Each structure stands twice: as structure tokens, then as C-alpha cells.
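**Student:** The structure that follows is given in the form of C-alpha cells.
Each reported figure results from applying straightforward, stated rules to the coordinates on display, with no laboratory input. These figures come from a predicted structure and were not determined experimentally. With ideal geometry, Cβ positions are generated from the backbone for all residues, glycine too; neighbour counts draw on all protein chains shown.
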Amino acid sequence: MLKLAKAFMFNLMYISPEQDQKIRYTLRECGQEAYKLAAEPFEVSEKGPNDYVTSIDQYLDRQLSAAFSALFPEDGWITEENSASRAAYRANYQRLWCIDPLDGTEEFIRGKLHYASMVGLLLEGEPVAGWLYAPAFDQMYFGGKDWGLFQTVGSQAPQPIALCKPPAPTAENCKIILGDKDQKNYGRAIAQSIPGAEFYSLGSFGLKVMEVIFGRAGLYLYLNGRVKVWDTAGPLALAKAAGLVCCDLQGQPLRWTKDAIEPETLAHTQSIAIGWPDYIEPLLGKVQQAVTGL
């Protein structure tokens with residue numbers, strides 16, 4: 001028990017233990033409410049082509065906005081469903097909270113399980129901490145820079161996440177996470193360039209990143225250009241804390257600065273690759289070559 005307590009101790013400039021506890025409590029409460037509301041009728045509308053939102057997304061967005069505004073009154077915050085909040089991204093806050101009330105909305109609408117509520121902290125344009133809660137599993141993943149990675153199930157005490165580096169890719173074992181849209185557009189070309197590539201997907205961007213952190217896949221590719229800062233800030237803080245490489249197909253580090261984010265939608269303009277070095281180094285160039293011109 002003493003060893004676990006020591007593992008969870010932290011002295012960070014950007015978050016206190018009390019604030020971490022409040023964030024986890026709030027995120028779990030909202031996530032559990034989403035899980036319960038999923039069993040009742042809810043409204044679904046389309047924000048854009050194949051981009052859906054539910055009345056539950058909007059309700060949770062308001063709840064989390066109020067909570068973070070009260071908890072961090074000096075900081076900026078942006079949420080997916082509050083378009084007015086996006087002005088905070090352009091306001092040069094040193095600390096910016098990026099909130100996604102329901103990551104994996106299409107999965108949620110279909111009654112599937114792999115959706116999440118997520119929060120990430122950008123400090124001077126870099127993701128330093130993240131919290132990801134999967135309501136269907138009552139499981140929380142959280143941590144960040146100079147802190148570590150932790151998980152909880154239900155109301156249990158936090159446990160350190162044991163990283164599991166996958167074996168280097170071979171022609172017999174090369175698991176890559178590639179979303180359904182990217183599989184349709186690029187899957188065949190990538191498979192031809194990387195013999196043995198095996199693709200699979202989940203609903204939530206954040207839960208896909210966790211698949212790589214846990215070593216169930218060696219690489220996650222996101223190529224369709226729709227992912228936003230509230231999708232990436234939390235999960236990528238966890239990925240960076242795990243020692244994963246987070247870059248674009250040219251090998252350049254992912255950026256959350258204004259030169260790499262579309263100003264109106266806050267979508268990343270870079271392609272995204274998240275993986276273990278043993279996957280990134282031999283495969284990234286092959287992926288880039290495979291998708292160029294498609």
C-alpha cells in the first residue's frame with residue numbers, strides 16, 4: 001500500500017491533488033449520467049456531413065463547462081458543443097482546458113460501448129495532462145507530464161498503468177488502428193505497402209490511443225482531417241507520458257499552436273500518427289508513400 005501511495009504522489013506546477021480529484025469526480029458523474037440517459041429516448045442531429053450530435057452531448061457540455069469555469073476561473077476552456085467557447089483558443093491563455101463531453105458519438109448513438117468523456121490541459125500550447133472516462137466500463141485513465149499514468153475502476157483507488165510495449169512489427173504481427181473512414185480511403189494502399197498489416201478500430205479517439213498505450217496495437221493513424229483539439233489534447237497528453245511518438249506522416253511533432261490548427265473549426269491540419277518507436281521508425285515512411293496522392 002505504501003508503494004502505491006508513493007507511486008501516486010506528485011508535485012506538479014499545473015495541477016494539485018485536490019483539483020485532480022475534483023476533475024475525476026466531475027467527469028465520472030457526467031459520464032455515468034450519459035450511460036443512464038443512453039437507455040432513454042434522445043435527440044440526434046447532424047452538425048455537418050456525417051458529423052452527429054445528440055441532446056446528451058449538449059447537456060453534458062453545459063455541465064462540464066460550468067464545472068470547469070468554477071474550478072479554474074483564471075483559465076481558458078473550450079468545449080465541443082459550445083462554439084462561442086472557441087474564442088478562448090485565440091485568446092492566448094497560458095492554460096487552456098479542452099473538453100469533449102462525448103467522444104465517439106456515433107458509437108454512442110448505435111448503442112455500442114466504446115465512447116468516452118474526456119478533458120485535456122494545454123499549457124502554453126502543449127498537452128500536459130489528460131483524463132479519459134469510459135462510462136460503459138466505469139473506467140478512468142488519467143495522468144500526464146512529470147506525473148505518470150493511472151487508472152481507476154469505479155470508485156477504487158488509482159493504480160499505476162503498467163505499460164506493455166508490443167513486439168516490433170513483423171509480416172505475421174503488425175496491428176494498426178485505423179478508423180473506418182481511413183480504412184475505406186487508405187486501407188488497401190497501406191496494406192500493400194506494409195505486408196502483414198492488420199487493421200482494427202474502436203469508436204472513441206481517446207480509447208483508440210489507449211489501445212496503443214496498452215500495447216494491443218503498435219500504431220494509430222488518423223488521416224481524414226476532422227479531429228479537433230478537444231479530441232486530442234487529453235489522449236495525446238497520456239500518449240506522450242507513456243513515451244509514445246506523436247507526429248505527422250512527415251515525422252514532425254504534432255502541434256496545438258495556431259499554425260497547425262484550422263482557426264474556425266479547431267481541427268488539426270496535420271495528419272496524425274501515434275505509436276511506439278519500434279513501429280513509427282520502420283513504418284511511417286511506408287505509410288506516407290502509400291497515401292500520397294490518394
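**Student:** State the extension gain, in nm to one decimal, for the chain segment bounded by Asn92 and Leu37, taking 0.36 nm per residue of separation less the distance between their alpha-carbons.
**Tutor:** Working: separation 55, 0.36 × 55 = 19.80 nm, distance 3.63 nm.
Gain in length upon complete extension: 16.2 nm.
**Student:** In debye to the nearest 20, how big a dipole does region 167-290 give about its Cα centre with +1 on each Lys and Arg Cβ and -1 on each Asp and Glu Cβ? Before the final figure, lay out each step's value.
**Tutor:** Working: 12 positive and 12 negative charges, 27 e Å.
I would put it at about 120 debye.
**Student:** For the chain, what is the convex hull volume of its Cα atoms per residue in Å³?
**Tutor:** Values: hull volume 37.5 nm³, N = 294.
Per residue, the Cα convex hull of the chain comes to 128 Å³.
**Student:** Might you report the magnitude of the Cβ-based charge dipole of the chain about its Cα centre, with Lys and Arg at +1 and Asp and Glu at -1, to the nearest 20 debye? Before the final figure, lay out the partial values.
**Tutor:** Values: 27 positive and 34 negative charges, 123 e Å.
Rounded to the nearest 20 debye, it is 600 debye.
**Student:** Compute, for region 70-144, the length of the dipole vector about the Cα centre, with Cβ point charges of +1 (Lys, Arg) and -1 (Asp, Glu) only. Units Debye, rounded to 20. Each step should come with its number before you reach the end.
**Tutor:** Numbers: 5 positive and 11 negative charges, 17 e Å.
In debye, rounded to 20, region 70-144 gives about 80.
**Student:** What distance in nm separates the two pseudo spin-label positions at Gln21 and Asp51, each 7 Å out from Cα along the beta-carbon direction?
**Tutor:** 3.9 nm
**Student:** Based solely on its DSSP helices, what 222 nm [θ] is calculated for the chain when runs of n ≥ 4 H residues each add -39,500 (n - 2.57) and the sum is averaged over all residues, nearest 500 deg cm²/dmol? Intermediate values should be presented prior to the final figure.
**Tutor:** Details: 8 runs with 93 residues, N = 294.
The helix-only estimate for the chain comes to -9500 deg cm²/dmol at 222 nm.
**Student:** Then there's this: Among Leu121, Gly275, Leu254, whose Cα lies farthest out toward the positive end of the dipole of the chain, if unit charges sit on the beta carbon of Lys, Arg (+1) and Asp, Glu (-1)?
**Tutor:** Farthest towards the positive end: Gly275.
**Student:** Something else now. Return the sequence-ordered ³J(HN,Hα) values of region 55-64 in whole Hz as given by the Karplus equation 6.51 cos²θ - 1.76 cosθ + 1.60 applied to θ = phi - 60°, using x for Gly and Pro.
**Tutor:** Result, rounded to whole Hz: 4, 6, 3, 5, 5, 5, 4, 5, 5, 6.
**Student:** Treat each spin label as a single point 7 Å out from the Cα along the C-beta direction, and report the Asp180 to Ala84 distance in nm.
**Tutor:** The answer from the label model is 3.4 nm.
**Student:** Can you tell me the FRET efficiency between Asp278 and Asp146 if r is taken as the Cβ-Cβ distance and R0 is 25 Å, rounded to the nearest 0.05?
**Tutor:** On the way: r = 24 Å, r/R0 = 0.98.
Result of the calculation: an efficiency of 0.55.
**Student:** Need the full-extension length gain, Ser193 to Lys258, defined as separation in residues times 0.36 nm minus the C-alpha distance. One decimal, nm.
**Tutor:** Working: separation 65, 0.36 × 65 = 23.40 nm, distance 3.32 nm.
Once the chain is fully extended between Ser193 and Lys258, it gains 20.1 nm.
**Student:** Hand me the GluC sites (Glu not before Pro) from region 156-233 located in a DSSP loop with no more than 12 other Cβ atoms within 10 Å, in residue order please.
**Tutor:** Working: sites: Glu172, Glu198, Glu211; in loops: Glu172.
Sites meeting the loop and neighbour criteria: Glu172.
**Student:** Further, regarding this structure: From the phi of every residue in region 178-187, what ³J(HN,Hα) in whole Hz does the Karplus formula 6.51 cos²θ - 1.76 cosθ + 1.60 yield, where θ is phi - 60° and glycine or proline is x?
**Tutor:** Going residue by residue, I get 9, x, 4, 5, 5, 4, 5, 7, 10, x Hz, with x marking Gly and Pro.
**Student:** Which order do the peptides 220-228, 37-45 take when ranked by the mean count of other beta-carbon atoms within 10 Å per residue, highest first? Please report the intermediate quantities before stating the final value.
**Tutor:** Details: 220-228: 19.7, 37-45: 11.7.
Ranked by mean Cβ neighbours within 10 Å, highest first: 220-228, 37-45.
**Student:** Could you please state, rounded to a whole Å, how far the C-alpha centre of region 181-251 is from the C-alpha centre of region 117-163?
**Tutor:** One Cα centre to the other: 18 Å.
**Student:** Moving to a separate point now. Return the loop-located trypsin sites (Lys or Arg not before Pro) in region 83-139 (DSSP other than H, G, I, E, B) with at most 15 other Cβ atoms within 10 Å of their own Cβ; answer none if there are none.
**Tutor:** Details: sites: Arg86, Arg90, Arg95, Arg110, Lys112; in loops: Arg110, Lys112.
The qualifying sites are Arg110, Lys112.
**Student:** Within region 92-155, which GluC sites (Glu not before Pro) sit in a loop by DSSP and count at most 13 neighbouring Cβ atoms inside 10 Å?
**Tutor:** Glu124
**Student:** Quick check for you: which residues of region 102-126 have the amide N under 20 Å from the point 7 Å beyond the Cα of Arg216 toward its beta carbon?
**Tutor:** Counting only backbone N, you get 102-119.
**Student:** What percent do you get for the relative contact order of the chain when only Cα pairs under 8 Å and 6+ apart count?
**Tutor:** Working: 570 pairs, mean separation 45.7, N = 294.
Computed over the chain, the figure is 16 percent.
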